[in-house]
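Contents: one structure, followed by commentary.
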Amino acid sequence: KQVAAYQHLIDQHRAAVMTGDDKIRRLKNELYTTLVNPDETRADSLAGLIAMEQRQMEQVHYHHFADIRTLCRPEQIELFDALAPDLATLFGPPPHRPR
């Protein structure tokens, strides 16, 4: 039962991430298109929308892991809590390599 509930959370999270990533990608495309006919006001507005979407994505990730924690049995909570500080590095983008 726990595994099925976990898989359901994973499926929901993937769908939300794909939707958010698509929104961010479209907004970035629109932002960089303004370079053809520079419009600083529109560029600032689009950058703000990208920031809002990115913020929402971070909330999606946070709530996803909070939901996973609620699935944990008492003996799993300690292990989850030990892993929590590393979640950003485990599931975030890879670090940039120097050129």
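Quick note: the coordinates plus some simple rules give every number you see, no bench work behind them. Note that the coordinates shown come from a computational prediction; the quantities given were computed from them, not determined experimentally. Positions of Cβ are generated from backbone atoms using ideal geometry, with glycine treated the same way; all protein chains shown enter the neighbour counts.
Please give the charge dipole size of region 1-40, origin at the Cα centre, charges +1 on K and R Cβ atoms and -1 on D and E Cβ atoms. Round to the nearest 20 debye.
300
Using alpha-carbon pairs under 8 Å, 6+ residues apart, how would you state the relative contact order of the chain in percent?
About 33 percent, as a whole number.
Starting from the 7 Å offset along Cα-to-Cβ, what nm value, one decimal, do you get for the label separation of residue 9 and residue 71?
0.6
Any idea how far the Cα center of region 6-48 sits from the one of region 54-99, in Å?
So the separation of the two Cα centres works out to 22 Å.
Could I have the simple spin-label model distance between residue 44 and residue 32, label points 7 Å from Cα toward Cβ, reported in nm to one decimal?
2.3
When the chain is fully extended, how far beyond the present Cα-Cα distance does residue 58 get from residue 82, taking 0.36 nm per residue of separation?
Extending this stretch completely gives an extra 6.6 nm.
Of 51, 32, 13, which is farthest on the positive side of the dipole of region 13-52, counting Cα position, with +1 on Lys and Arg Cβ, -1 on Asp and Glu Cβ, and the Cα centre as origin?
Checking the options against the dipole of region 13-52, the answer is 13.
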